[in-house]
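Taking it in order: structure first as structure tokens, then the write-up.
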Amino acid sequence: MARYAMVIDTTKCVGCMDCVVACKTENNVPEGFNRDWIAYETIGKFPILHMEIRSERCNHCDNPPCVYTCPTGASHISEIGGIVLVDYDKCIGCKACIAACPYDARFIHPDGYATKCTFCEHRVVEGLDPACVATCPTHCMYFGDLEDPNSEVSKLLQSRKYHVLQPETGTKPQIFYLI
Amino acid sequence: METKVTRRKFLQITSATFAGAAILASSNRVVENAIAAAEKKNGVVKIPSYCSICFWKCGLIGYVKDGKLWKLEGNPLDPLSKGRLCPRGNGGVGQHYDPDRLKAPLVRISSRGEDSWNVTTWDEALSYSAKRLMEIKEKYGPQSIAVFSHGPGGVFLKHTMRAFGVKNFTAPSFAQCRGPREVAFELTYGELVGSPERTDIKNSKCFALIGSHLGENMHNTQVQEFAEAIERGATIIVVDPRFSIAASKAKYYLPIKPGTDTALLLAWINVLIQENLYDKEFVENYTFGFEPLREYIKPFTPEWAFAETGIQPDLIRETIRELARYKPASFVHPGRHVNWYGNDVQRLRAVAIVNALLGNWNRKGAFYKPVKMDIPKYPYPPYPEADYEVVYNPNSKYPFAGEDEGLTQGVRSATITGEPYPIKAWVVYGTNLIQTMPNPAETIEAIKKLDFLLVIDVIPNEIAMWADVVLPESIYLERFDELNISPFRIPFVGIRQPVVPPPHDQKDGWWIARELAVKLGLEKYYPWMHIEEYLKYRVEAAGLSYEQFKKDGVILGNEQPIYVEDGLKLEFPFTPSQKVELYSTQLAEKGFSPLPTYERPPEPPPGYFRLLFGRVPVHTFSMTQSNRILMDMVDENEVWVNSDVAETLVLKNGEYVYLKNQDGILSNKVKVRVTQRIRPDCVFMYHGFGHTSKNLKRAYLKGASDSELISRYDIDPIMGGTGMNNNFVTFVRE
């Protein structure tokens, strides 16, 4: 079975928010909310500075606390490449998943259910990259199957240094940041 | 009546486009089939067009689902976007759905500046506008009418106004933006930099950005190439008082003191010559005035420049040595918005000279020679003689101002003073003059002197709210427009055609221009009834298929040599010496220094900081702050303050303050951003915020307007650009 993951090259990312906008139109994300966002981390003192820029979203964890805390089974791991999804019909909007997610990746849609990044599952099943990956003008984002050793994501993780967000939480996140 | 005919025709045209919507070329058959299947399933149609959320004009594909605009993507056939739009491009959807956009023609019923309007019909608004313009022309002559126009949509309006006898055309793109760069390069090379810039970042081994914040200014192709350069490990040098996004990607970051860039450039020239690093063959064969330059540059050592710029002499040497090491595949980027200090041509001349010493003109990895699709013009009748001097540059006070884009502030001051002759009407298309020009108080003073102000725009921005008549244009996704024939690496032509119809009583710019012409009795200047006749004529005259063009959105021409490496011959026929003029004979002739001069900028008064401004990647000027999608990204600007300064002044991150400038102008409240990413002697703001039009409900009083704080501007004596980085601000608490 496939294991979908995203690899993001922080050395190329310019933090332009194109990924955020593309997600918003692709998925009709309501005004006032976004499913992905940009994080800047600056260390040092002017003018000797280092800045990491990251496009962040749901980490589609292998060990997802949101799924474990969901009382209705709405939050689940999809058969499609291990994508973490929400079945909106089952969701009661209790926000347990929001509290459990260490990445603050979820929000309650104005229609009352929890929602977040889906890795653009609807595109992925059609053989397309997620909207954020497909639009990025810096080509800093890669999407693919980690089970396939010849996929671009697998190769990048073999050849480049990377980190994940909050590994100490044990969530086994599937978004990898190249440094 | 005519409106209805046009509408019906429009619908016919769009349905034809829907039926013909094609799957775009893709190497992946599976993906194509999947998209085709999805389209069939979801009733999605795709229509190619080109973007207008900035001036870059990227090819796009509009996705319409169940008759409604869903999303935009880049057109993979388009050489500018290469299938990827920037955030603003993707966010263009928000322009279409903007609830605050202008919906119907408005005619003022109270005095200017008050928000009181009659919603009227197109016929009435156009008839009234034509009547007013004819009265003014009758009384004061056609010279008393000035047109401000920005963007490709203005082409037709300018055509109408030229036919009316108008000659005073201006755009902020010259005197508030690119002017000094184009003038400096034309003086030196006899050629412009142009837009898109002819910089070959894609193939460069080393380049320097001076204040040019790629990644924050999202000039799509350049940003894509910038990322490629990062990936290839190109040596990037960034010179900026602010640790920009680009600086964070650079191997060398030079945290220069604002206003001293020319000192750095002179030192770079000094090192290139003193250390014999320049391209001797190029200098010998293709340049004029090397010996005077060699003499002139001697005192401008890196040690001298250190005292001015604060950049260590070793770093100055190392960076220019890097540029020289990779020559000719290295360059200093000329930038884009370069009206900074009012002596900008001299600075950009220094940029042009560094490049000349690197021998990089028309060389791979530096500057390519742009090529353009040859599309014949439409055969219009000749315009009437306009036998008068342009108003904005009396007696050619600024000898190199040119007449292509004019001097906006020249029109403004003529409107205020009535000299050299009175200006009684402004016709403003697609440019919010209150924010694009420095010192809005002066713009408002000029507006108050006008007999008539006509504004054509898409949102109720500040300039629209000062107008006598406001004509609501359809946005770029809803209209046909002029062709995109940009100079680039490969010749191409792009179409703008409606993706969706306008939601209210908005009209296309070409229609407005044509109807106005009819009302002005100038119908003979429009032999075509509908713009598609015009477009079809031009495209077919170039031997291209109009049907194919509509279907693909872009047609590419044949590749041509764009580098010396491809066999291009180096020649400089457009300078007086027919060589690259290191020493500018033209400047000397007009009494300016023929070699680039450095002027030390004034220090901020105690307690004040130099005000710098720039771009945020999700907005274009002051044009996009009513766009709900883009406002969800960034909805106000902040004032960037160095952390140490903030500590001393006890300014907290996120607190609101007011800024007061040297002339006592007080800004709207603005959030403080405490950061290490800026020098202590300056502050920085994103441009375009602090809207004061109440009808921009999402943007009203969000953030502060830099334009308002730029009450001082220094005019470049060579070309008349307004240097806008010479203002100082201090913090005021509530």
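Quick notes on this one:
- Kirkwood Rh in Å, taken over region A:126-179 so that all alpha-carbon pairs contribute: 12.4 Å
- Mean residue ellipticity, 222 nm, helices only, chain B: the sum of -39500 (n - 2.57) across DSSP H runs of n ≥ 4, divided by residue count and rounded to 500, is -9500 deg cm²/dmol.
- Accessible-area ranking of A:Met51, B:Met134, largest first, probe 1.4 Å: B:Met134, A:Met51
- Volume of the convex hull of region A:4-178 (Cα atoms only), normalised per residue: 129 Å³.
- Pairs of alpha carbons in region B:236-392 separated by more than 22 Å make up 49% of all such pairs.
- Net +/- balance of residues flanking B:His219 in space, Cβ distance below 10 Å, scoring K and R +1, D and E -1: 0
- Once backbone amide H atoms are built at 1.01 Å from N, B:Phe288 has B:Val580, B:Glu581, B:Leu582, B:Tyr583 as its partners under 5 Å, excluding neighbours fewer than 5 places away on the same chain.
- Efficiency of FRET from Cβ geometry, B:Arg321 and A:Thr169, R₀ 60 Å, rounded to 0.05: 0.80
- At the residue level, A:Thr10 shows approximately 10 square angstrom of accessible surface with a 1.4 angstrom probe and all protein chains present.
- Probe 1.4 Å - accessible area at B:His333, Å² to nearest ten: 10 Å²
- Selection from A:Leu85, A:Ser154, B:Gly190 lying farthest towards where the dipole of the protein assembly as shown points positive, charges on Cβ: A:Leu85
- Per-selection Rg to Rh, chain B - Cα, Kirkwood hydrodynamic radius: 0.95
- At an R0 of 56 angstrom, the distance between the Cβ atoms of B:Thr417 and B:Glu655 translates into a FRET efficiency of 0.85.
- Label point 7 Å beyond Cα of A:Thr69 along Cβ direction - residues of region A:137-179 with amide nitrogen under 19 Å: A:165-174
- Percent of Cα pairs exceeding the 16 Å cut-off, where the set is region B:499-610: 81 percent
- Computed lengthening from B:Ala441 to B:Met134, 0.36 nm per intervening residue step minus Cα-Cα distance: 107.7 nm
- Derived scalar couplings between HN and Hα for region B:657-663 equal 9, 10, 10, 10, 9, 4, 9 Hz in order, rounded to whole Hz, by the Karplus curve 6.51 cos²θ - 1.76 cosθ + 1.60 (θ = phi - 60°), x for Gly and Pro.
- Cα-projected label distance for B:Ile490 with B:Thr585, points at 7 Å along beta-carbon direction, nm: 4.0 nm
- Computed about its Cα centre, the charge dipole of the protein assembly as shown is approximately 640 debye, with only Lys, Arg, Asp and Glu carrying charge at their Cβ.
- Extension gain (nm, one decimal) between B:Glu540 and B:Glu389, 0.36 nm per residue minus Cα-Cα: 50.6 nm
- Cα gyration tensor, region B:376-481 - rounded (a/c under 1.5), prolate or oblate: oblate
- Residue pairs exceeding 22 angstrom between C-alpha atoms, taken from B:Lys257/B:Lys397; B:Lys377/B:Lys536; B:Lys424/B:Lys694; B:Lys167/B:Lys424; B:Lys131/B:Lys377: B:Lys257/B:Lys397; B:Lys424/B:Lys694; B:Lys131/B:Lys377.
- Taking all protein chains together and rolling a 1.4 Å probe, A:Leu157 ends up with roughly 30 Å² accessible.
- Nitroxide proxy distance, nm - points 7 Å out along Cα→Cβ at B:Asp374 and A:Lys95: 6.8 nm
- Computed from the C-beta positions of A:Ala2 and A:His139, the FRET efficiency with R₀ = 25 Å rounds to 0.65.
- Ellipsoid semi-axes in whole angstrom, largest first, where each is sqrt(5λ) of the Cα gyration tensor of region B:609-732: 22, 20, 13
- Kirkwood Rh, angstrom, region B:66-122 [1 / mean 1/r, Cα pairs]: 14.6 Å
- Simple rule: put +1 on each Lys or Arg Cβ and -1 on each Asp or Glu Cβ in the protein assembly as shown, find the dipole, and look at B:Ala425, B:Ala329, B:Leu357; the Cα lying farthest toward the positive end is B:Ala425.
- With all projection directions averaged, the alpha carbon convex hull of the protein assembly as shown covers 37.0 nm².
- For chain A, calculated [θ]222 nm from helices alone, where every DSSP H run of n ≥ 4 adds -39500 (n - 2.57): -4500 deg cm²/dmol
- Residues whose amide H comes within less than 5 Å of that of B:Tyr341, counting only those at least five positions distant or on another chain, are B:Met724, B:Asn725 (H built at 1.01 Å from N in the peptide plane).
- Rough spin-label spacing in nm, given labels placed 7 Å along Cα→Cβ, for B:Asp123 and B:Gln312: 7.6 nm
- Considered as an equivalent ellipsoid built on the Cα gyration tensor, region A:58-130 has semi-axes of 20, 13, 11 Å, the largest given first.
- For the pair B:Glu275 and B:Glu403 in one chain, pulling the backbone fully straight at 0.36 nm per residue adds 41.9 nm over the alpha carbon distance.
- Within chain A, longest stretch clear of exposed trypsin sites (Lys or Arg not before Pro) (DSSP loop, no more than 15 other Cβ within 10 Å): A:1-89
- For region B:520-579, the Cβ-based charge dipole about the Cα centre amounts to some 200 debye (Lys, Arg positive; Asp, Glu negative; other atoms uncharged).
- Largest to smallest accessible area among B:Arg600, B:Arg162, B:Arg673 [probe 1.4 Å]: B:Arg600, B:Arg162, B:Arg673
- Given charges at Cβ of Lys, Arg, Asp, Glu: region B:120-183 dipole, positive-most of B:Ile136, B:Gly179, B:Gly154: B:Gly179
- With θ taken as phi - 60° and the Karplus curve 6.51 cos²θ - 1.76 cosθ + 1.60 applied, the whole-hertz 3J(HN,Hα) list for region B:352-368 is 4, 6, 4, 4, 4, 5, 7, x, 9, 5, 6, 10, 4, x, 9, 10, 8 Hz, x standing for glycine and proline.
- Region B:206-316 shape via C-alpha gyration tensor axes, a/c threshold 1.5: oblate
The values are calculated or read from the model by the stated rules, or taken from the named source; none is laboratory data. For clarity, every value in this text was computed on a predicted model and none was experimentally measured. Note that we place each Cβ from the backbone using ideal geometry, even for glycine, and neighbour counts take in every protein chain shown. Only protein heavy atoms, including side chains, enter the accessible area calculation; ligands, DNA and RNA are left aside. Shrake-Rupley method; radii C 1.70, N 1.55, O 1.52, S 1.80 Å.
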